[in-house]
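Have a look at the structure below, then the notes.
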Amino acid sequence: YVIPGQRVVEGHHSYVLAYNMITGIRVAVSRCSQIPKPLTSNEYNQVSKMVFHWEGSSTTPSSKYEFKFKDYSPEVFRHLRSIFHIDQADYLLSLTEKVALTELGSPGKSGSFFYYSGDYRFIIKTIHHSEHRHLRKILKQYHDYVEQNPGTLLCQFYGLHRLKMHTSKGLLKLHILVMNNIFPPTREINERFDLKGSTSGRYTDIQKAEKQVRTSLCLKDLNFLKSNEKIHLSPQRRKAVLEQLRKDVDFLERTNIMDYSLLLGVHNMTDEELNAPEDQEPSFLSTRDPETSKIFVLPDGGIRAADAGGHELPVIYYMAIIDCLTNYSTFKRLETFFRSFKHKRNTISAVPPFEYGKRFYDFVVAAMTPSKKKNKNVKQD
Ligand code: ATP
Ligand code: CA
Ligand code: CA
């Protein structure tokens, strides 16, 4: 099936950028300790700087292009990768085998760019300076939280870097974050939703977006509500997911974060998959810990759908909380102030973290609550 995006090959407008990103990450990661050392408090503030040019230096290999690269808290991210079961060699290979990135362009409104690693396991996102700053500020809290919550739905962060290079348009400074692709590269995602729990502007016009590959189209809250769709889970799994979600949302409230989404992918199982033997080796292994997490039962990180009676349905969900680095105090206060003149408050997405979290959580609870009756006759607008 088709994976969206443009392969970044020589001649592509982002080729030099991608090349530098990959080179920087490769050198930074290979400098980390093989076996994670116990973390000291200094490690959180550590920044390692590298200068690349064609001659190379005692600490950096020769590079086709000139650029500067900073690696933030390398040993902390080394630890995080090990918490998320990412093997150091695998990580290097996925990101750097060759310059095999796919540029997804800028799907959100923020102007961030996304790149997939060659094997689609990892995503590199360019982030805003304020997000970068906020992640550095909460890094210890994030680290401790994910360490204590192996079933967390929060997006997994693997590396934070800064790239500085000269371009025809002047000096370019990019903050980049490496994270997990929520969707496994081995399964087609038939439908994807980006859910915030607000309704203002949360609609994707499918007709207008026709040009995009149908299956890569990201739908939003209003599409979800309109479709009358639900997330069907067995009562036991639903309870576990919601318990974890509650904790995750509490964490985001504590760290003053808002504007995040639940990214939900729906995979309709094929006959082949349905008939596959139970103990078949999955072709893709999730970075989530299936032993300790009672939620993500499938080895590839998916959650099998079931009806209220616990009978399995031929659907697998992939879900996580993404875009979770927007610090309320930096710029959303202004947005709330201006936009509240035009909209009812509960439909605006820019509300303080506590309100945002509550609305988000309530929305997901409702999305996971099966409707009592098949209300096909209920009038809809
Ligand atoms: P905005 O701030 O306008 O919402 P953004 O530029 O911060 O957008 P995100 O919200 O992080 O971007 O992501 C935009 C879209 O990219 C998501 O709706 C989702 O479809 C896809 N995406 C983002 N992160 C991931 C991920 N980790 N795995 C898979 N898909 C992702
Ligand atoms: Ca977003
Ligand atoms: Ca964002």
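Largest GNM mean-square fluctuation among Val47, Val178, Val351, using the chain with Cα springs under 10 Å: Val47.
Mind scanning Lys125/Lys220; Lys208/Lys239; Lys208/Lys358; Lys68/Lys140; Lys173/Lys226 and naming the pairs with a C-alpha gap bigger than 30 Å? Violating the 30 Å limit, Cα to Cα: Lys208/Lys239; Lys208/Lys358; Lys173/Lys226. Tyr203 sits among other residues whose Cβ lies under 10 Å from its own Cβ, and their net charge, with Lys and Arg +1 and Asp and Glu -1, is +1. Summing charges over all other residues whose Cβ lies under 13 Å from the Cβ of Gly310, with Lys and Arg as +1 and Asp and Glu as -1, gives +2. Relative contact order of segment 120-260, taken over Cα pairs closer than 8 Å and 6 or more residues apart, is 24 percent. Helices of the chain meeting both criteria, an alpha-carbon length of 15 angstrom or more along the long axis and an average Kyte-Doolittle score not below 0.0, with helices taken as full DSSP H segments, are 15-31, 353-367. Under a 5 Å amide H cut-off, with hydrogens placed 1.01 Å from N, Cys155 pairs with Ile321 among residues at least 5 apart or on other chains.
For segment 29-164, the relative contact order comes to 25 percent (Cα pairs under 8 Å, sequence separation of at least 6).
Helix-derived [θ] at 222 nm for the chain: sum -39500 (n - 2.57) over DSSP H runs of at least 4, divide by residue count, nearest 500?
-9000 deg cm²/dmol
Using the alpha-carbon centroid of each, what span in Å lies between segment 223-287 and segment 145-215? Spelled out, the Cα-based centre of one part sits 16 Å from the other.
A simple count of charges around Pro184, restricted to other residues whose Cβ falls under 9 Å of its Cβ and scoring Lys, Arg +1 and Asp, Glu -1, yields +1.
The numbers here are math on the coordinates, done by the rules we state, and not lab data. Given the structure is predicted, the values throughout are model-derived calculations rather than measurements. Backbone-built Cβ (ideal geometry, glycine too); neighbour counts: all protein chains shown.
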